[in-house]
Every structure is written in structure tokens, then in C-alpha cells.
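Asks: Structure provided below as C-alpha cells; questions to follow.
The values are calculated or read from the model by the stated rules, or taken from the named source; none is laboratory data. Because the structure is predicted, anything quoted here is derived from the model rather than measured. Every residue, glycine among them, receives a Cβ derived from its backbone with ideal geometry; neighbour counts consider all protein chains shown.
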């Protein structure tokens, strides 16, 4: 599914960006719809998005999609990347979920898969800082993934 969203250049940019944020980072739709211009650094290479304490470096295709959304948001003084139908309001998760479902993406299972994979690859604290989820939540995803990070500080000191 990620390959499909990465390669579908003709897909609506909002749908494509939201789908990739779910597929790659497990970000909930309720958070995606509240992303603003200020959270995207279009001057950095790669483009970064800050949804937690630390910015996330985006793959080029997603970075380009976010740059396009930032440019399109210039018409909206509030700065929402996903503006809603009502002036000053962001899009609600429902319509975005329907768009993604029409493309074959079930956000719940995609989010679960992404978070399991992320916590398998990174320490839960890092995932927490990048995605703005609680450390307890990230640790729970890590346990679900079968991750064992109890020796993480020792591993870091031997490879430093």
C-alpha cells in the first residue's frame, strides 16, 4: 500500500500526503487534519514535519507533497494544510478517512502496522519524541512488536 501511495503521482495531494503519514508514521487522522504550515520546514533538505518534540525528515515524495500543501494553504490565513469546508476550520477526520478508504487504505490497520514497525526499529522514547505520543504508548507498541530495549543505553555507550 505504501508503494501505491508513493508512486501515485496523479492522486489528490491531500489524500496522498495523509495516506503516507498514516502508512509511514502511524499518525492518527485527528492529528493529521490539524497540521499547519508552521509545522512543515520547506527550506530544509529533506523537508521536515514536526508533530512531536523532534522534526521528522520526510522522504522526498512525501516532502514534495507537503511543500505543495503548504503552497496551497497560503490562501488560508489559519494555515491548515487540510482546510475544512467552514472558514477558519480544518478538515474533520471523517471525509479524509473516506478518501483514504476509496484508495484502499484502512487507516486503523495501517496505523497499527506502522507503529509496530517503527517501535521495532527505534527505541520507544525516540518514537515518542518524533510522533508526539506518550512514552507509555510507544513502549506498549514496542512490547506488541516484541521489542526489547532494556539494553539500549549500554548499546549506545559501546557504539559511541
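Asks: Filter the stretch 8-30 for residues that are over 27 Å from residue 137 (Cα atoms) and touching a helix residue (DSSP H, G or I) at 6+ places or on another chain (Cβ under 8 Å); which is surrounded by the fewest Cβ atoms within 10 Å (Cβ to Cβ)?
Replies: Keep residues of the stretch 8-30 that are over 27 Å from residue 137 (Cα atoms), which gives 8-14.
Restricting the remaining residues to those that are touching a helix residue (DSSP H, G or I) at 6+ places or on another chain (Cβ under 8 Å) gives 8, 11-14.
Numbers: 8: 14, 11: 16, 12: 12, 13: 17, 14: 21.
Result: 12.
Asks: Taking residue 70, is it farther than 23 Å from residue 125 by Cα, in contact with a helix residue (DSSP H, G or I) (Cβ under 8 Å, 6 or more places away or on another chain) and assigned to a helix (DSSP H, G or I)? Reasoning before the result, please.
Replies: Details: farther than 23 Å from residue 125 by Cα: yes; in contact with a helix residue (DSSP H, G or I) (Cβ under 8 Å, 6 or more places away or on another chain): yes; assigned to a helix (DSSP H, G or I): yes.
The answer is yes for residue 70.
Asks: Within the stretch 55-67, which residues are within 13 Å of residue 24 (Cα to Cα), touching a helix residue (DSSP H, G or I) at 6+ places or on another chain (Cβ under 8 Å) and in a helix (DSSP H, G or I)?
Replies: Those that are within 13 Å of residue 24 (Cα to Cα), touching a helix residue (DSSP H, G or I) at 6+ places or on another chain (Cβ under 8 Å) and in a helix (DSSP H, G or I): 61, 62.
Asks: Whether any residue in the stretch 46-54 is more than 19 Å from residue 5 (Cβ to Cβ), within 13 Å of the chain's Cα centre (by Cα), modelled with pLDDT under 95 and not in a strand (DSSP E or B) is what I want to check.
Replies: Just the residues of the stretch 46-54 that are more than 19 Å from residue 5 (Cβ to Cβ), to begin with: 48, 50, 52-54.
Filter once more, keeping what is within 13 Å of the chain's Cα centre (by Cα): 48, 50, 52, 54.
Filter once more, so that each one left must be modelled with pLDDT under 95: 52, 54.
From the residues that got through so far, the ones that are not in a strand (DSSP E or B) too are 52, 54.
Yes, that holds for at least one residue.
Asks: Could you tell me whether residue 157 is out of contact with any helix residue (DSSP H, G or I) (no Cβ under 6 Å at 6 or more places or on another chain), assigned to a helix (DSSP H, G or I), at pLDDT below 85 and more than 27 Å from residue 4 (Cα to Cα)? Reasoning before the result, please.
Replies: Values: out of contact with any helix residue (DSSP H, G or I) (no Cβ under 6 Å at 6 or more places or on another chain): yes; assigned to a helix (DSSP H, G or I): yes; at pLDDT below 85: yes; more than 27 Å from residue 4 (Cα to Cα): yes.
The answer is yes for residue 157.
Asks: Could you tell me whether any residue of the stretch 65-82 is under 12 Å from the mean Cα position of the chain (by Cα) and in contact (Cβ under 8 Å) with a residue 12 or more places away in the chain?
Replies: Here is the first cut: in the stretch 65-82, the residues under 12 Å from the mean Cα position of the chain (by Cα) are 66.
This time we only want the ones that are in contact (Cβ under 8 Å) with a residue 12 or more places away in the chain, so: 66.
For the stretch 65-82, residues under 12 Å from the mean Cα position of the chain (by Cα) and in contact (Cβ under 8 Å) with a residue 12 or more places away in the chain: present.
Asks: Taking the condition of being assigned to a loop (DSSP other than H, G, I, E, B) and at negative phi, how many residues in the stretch 74-106 meet it? Walk me through how you get there before you give the answer.
Replies: At the first step, the residues of the stretch 74-106 found to be assigned to a loop (DSSP other than H, G, I, E, B) are 76-79, 81-82, 84-89, 91-92, 103-106.
Checking the rest, the ones that are also at negative phi come to 76-78, 81-82, 84-87, 89, 91-92, 103, 105-106.
Summing the residues that are assigned to a loop (DSSP other than H, G, I, E, B) and at negative phi in the stretch 74-106 gives 15.
Asks: Output the number of the condition that residue 33 fails; it satisfies all remaining conditions of (1) buried (at least 20 other Cβ atoms within 10 Å of the Cβ); (2) out of contact with any strand residue (DSSP E or B) (no Cβ under 6 Å at 6 or more places or on another chain); (3) farther than 21 Å from residue 9 by Cβ.
Replies: Condition (2) is where residue 33 drops out.
Asks: Sticking with this one: So which residues in the stretch 77-100 are buried (at least 18 other Cβ atoms within 10 Å of the Cβ) and touching a strand residue (DSSP E or B) at 6+ places or on another chain (Cβ under 9 Å), if there are any at all?
Replies: Listed by number, the residues that qualify are 80, 81, 82, 83, 90, 91.
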